[in-house]
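The block underneath contains the structure these notes are about, expressed in structure tokens.
The values are calculated or read from the model by the stated rules, or taken from the named source; none is laboratory data. Please read all numbers here as calculations on a predicted model, not as lab measurements. Here Cβ is always computed from backbone atoms with ideal geometry, including for glycine, and neighbour counts include all displayed protein chains. Side chains are part of the model used for accessible areas, which takes the heavy atoms of the whole protein and leaves out ligands, DNA and RNA. Shrake-Rupley method; radii C 1.70, N 1.55, O 1.52, S 1.80 Å.
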Amino acid sequence: NAGVTQTPKFRVLKTGQSMTLLCAQDMNHEYMYWYRQDPGMGLRLIHYSVGEGTTAKGEVPDGYNVSRLKKQNFLLGLESAAPSQTSVYFCASSVWGRGRGTDNQPQHFGDGTRLSIL
Amino acid sequence: AQTVTQSQPEMSVQEAETVTLSCTYDTSESDYYLFWYKQPPSRQMILVIRQEAYKQQNATENRFSVNFQKAAKSFSLKISDSQLGDAAMYFCAYRRSMEYGNKLVFGAGTILRVKS
């Protein structure tokens with residue numbers, strides 16, 4: 001069971017460079033999420049998707065773009081990396097529940113990507 | 001907006017003893033879910049326990065249990081018979097029921113150290 005797989009696990013970028021983080025899940029989940037984790041701040045939601053072809057902004061979306069062309073994949077892009085985007089990035093997925101007792105399913109997380117921007 | 005507060009940045013416990021991690025949250029909703037996630041040094045996010053707000057009974061999972069006080073908006077995690085493998089960062093998280101996107105709101109986390 002692969003679950004949620006993030007690629008790459010580590011990356012170092014220079015300011016102004018661009019890159020894409022890939023998230024893939026094999027659980028047929030409808031919902032997918034991108035978070036960033038910074039010391040003392042927990043995990044904060046960047047963008048999320050409720051299904052193929054949909055995306056929505058989370059708490060800290062500025063400087064990031066996302067795409068979900070296929071149900072199993074959710075891509076996070078940094079067009080012009082900045083030192084403030086140095087962080088650990090997590091992807092997660094979950095099922096969509098229709099009502100009480102079925103929408104209590106937890107999010108399943110990938111192992112994270114450590115991104116450093118110099 | 002909902003907020004989750006973990007007031008203890010770090011906690012320590014002796015192996016085999018019991019420790020309680022605190023979490024409070026702010027919401028005007030009546031139907032929601034609460035979660036505790038564990039993040040060991042490997043960086044994985046592992047679900048420890050979840051609580052449905054409409055259930056009065058506190059959730060338990062083996063050595064892990066919660067004290068859910070809905071009126072006080074408090075959701076503490078008790079770890080009994082602490083083991084070295086329990087050492088990790090613990091995050092409390094909130095999610096509103098039937099919300100578009102089922103988004104989680106996390107606290108800042110508590111580092112738990114276990115002494116042998």
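Residues are listed down the side, and each one gets a yes or a no for (1) among the small types (Gly, Ala, Ser); (2) modelled with pLDDT of 95 or more; (3) touching an Asp or Glu at 6+ places or on another chain (Cβ under 7 Å):
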residue	(1), (2), (3)
A:50	no, no, yes
A:62	no, yes, no
A:75	no, yes, no
A:84	yes, yes, no
A:87	yes, yes, yes
A:99	yes, no, no
A:109	no, yes, no
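If residue B:46 passes every condition in (1) facing chain A (nearest Cβ under 10 Å); (2) touching a helix residue (DSSP H, G or I) at 6+ places or on another chain (Cβ under 7 Å) but one, which one does it miss?
(2)
Select from the range B:78-116 the residues that are open to solvent by 40 Å² or more (accessible area, probe 1.4 Å) and more than 11 Å from every other protein chain (Cβ to nearest Cβ) and write down the one among them that is farthest from residue B:53 (Cα to Cα).
Let us first name the residues in the range B:78-116 that are open to solvent by 40 Å² or more (accessible area, probe 1.4 Å), namely B:78, B:81, B:83-85, B:89, B:96, B:98, B:100, B:103, B:105, B:111, B:113, B:115-116.
With the extra rule that they be more than 11 Å from every other protein chain (Cβ to nearest Cβ), the set shrinks to B:78, B:81, B:83-85, B:113, B:115-116.
On the way: B:78: 18, B:81: 27, B:83: 29, B:84: 31, B:85: 29, B:113: 29, B:115: 34, B:116: 36 Å.
Once the filter is applied, the top-ranked residue is B:116.
What are the residues in the range B:1-30 that are within 14 Å of chain A (Cβ to nearest Cβ), over 24 Å from residue A:108 (Cα atoms) and outside any loop (DSSP other than H, G, I, E, B), if any?
B:10
Taking the condition of being outside any strand (DSSP E or B) and facing chain B (nearest Cβ under 8 Å), how many residues in the range A:57-100 meet it?
5
Restricting to the range A:56-73, name every residue that is of a type outside the set (Phe, Trp, Tyr) and within 22 Å of residue A:38 (Cβ to Cβ). Walk me through how you get there before you give the answer.
Kept after step one, since they are of a type outside the set (Phe, Trp, Tyr), are these residues of the range A:56-73: A:56-63, A:65-73.
A:56, A:57, A:58, A:59, A:60, A:61, A:62, A:63, A:65, A:66, listed by residue number.
Of the residues that sit in the range A:6-16 and are within 14 Å of chain B (Cβ to nearest Cβ) and open to solvent by 40 Å² or more (accessible area, probe 1.4 Å), which one is nearest to residue A:91 (Cα to Cα)?
A:9
One line per residue, one yes/no per condition, for (1) outside any strand (DSSP E or B); (2) in contact with a Phe, Trp or Tyr (Cβ under 6 Å, 6 or more places away or on another chain); (3) over 16 Å from residue B:14 (Cα atoms):
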{"position": "B:51", "(1), (2), (3)": "no, yes, yes"}
{"position": "B:67", "(1), (2), (3)": "no, no, yes"}
{"position": "B:82", "(1), (2), (3)": "yes, no, no"}
{"position": "B:85", "(1), (2), (3)": "yes, no, no"}
{"position": "B:99", "(1), (2), (3)": "yes, no, yes"}
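Filter the range B:6-28 down to residues that are open to solvent by 70 Å² or more (accessible area, probe 1.4 Å) and more than 23 Å from residue B:80 (Cβ to Cβ), then give me how many there are. First the steps, then the outcome.
Going through the range B:6-28, the residues open to solvent by 70 Å² or more (accessible area, probe 1.4 Å) turn out to be B:7, B:9-10, B:14-15, B:17-18, B:26, B:28.
Next, only the ones that are more than 23 Å from residue B:80 (Cβ to Cβ) stay: B:26, B:28.
So the answer is 2.
Being under 14 Å from the mean Cα position of the chain (by Cα), among the hydrophobic types (A, V, I, L, M, F, W, C) and within 17 Å of residue B:6 (Cα to Cα) is the filter here; which residues of the range B:48-80 pass it?
B:48, B:49, B:66, B:68, B:75, B:77, B:79
In the range B:38-47, how many are in contact with an Asp or Glu (Cβ under 9 Å, 6 or more places away or on another chain), polar (S, T, N, Q) and closer than 18 Å to residue B:6 by Cβ?
0
Being within 14 Å of another protein chain (Cβ to nearest Cβ), assigned to a strand (DSSP E or B) and among the β-branched types (Val, Ile, Thr) is the filter here; which residues of the range A:17-56 pass it?
Residue satisfying the conditions is A:46 alone.
Considering (1) under 23 Å from residue B:106 (Cβ atoms); (2) small (Gly, Ala, Ser); (3) touching a Gly at 6+ places or on another chain (Cβ under 6 Å), say which one residue A:80 fails and leave the rest.
For residue A:80, the exception is condition (1).
Does residue B:58 meet the test of being more than 19 Å from residue A:107 (Cβ to Cβ), touching a Phe, Trp or Tyr at 6+ places or on another chain (Cβ under 9 Å) and not in a loop (DSSP other than H, G, I, E, B)?
Working: more than 19 Å from residue A:107 (Cβ to Cβ): yes; touching a Phe, Trp or Tyr at 6+ places or on another chain (Cβ under 9 Å): yes; not in a loop (DSSP other than H, G, I, E, B): no.
Taking the combined requirement at face value, the residue does not satisfy it.
Tell me, yes or no, whether the range B:31-40 has at least one residue that is in a strand (DSSP E or B) and touching a Ser or Thr at 6+ places or on another chain (Cβ under 8 Å).
First, the residues of the range B:31-40 that are in a strand (DSSP E or B): B:32-39.
Pick out the ones that are also touching a Ser or Thr at 6+ places or on another chain (Cβ under 8 Å) and you get B:32-33.
Yes; the residues of the range B:31-40 include at least one that is in a strand (DSSP E or B) and touching a Ser or Thr at 6+ places or on another chain (Cβ under 8 Å).
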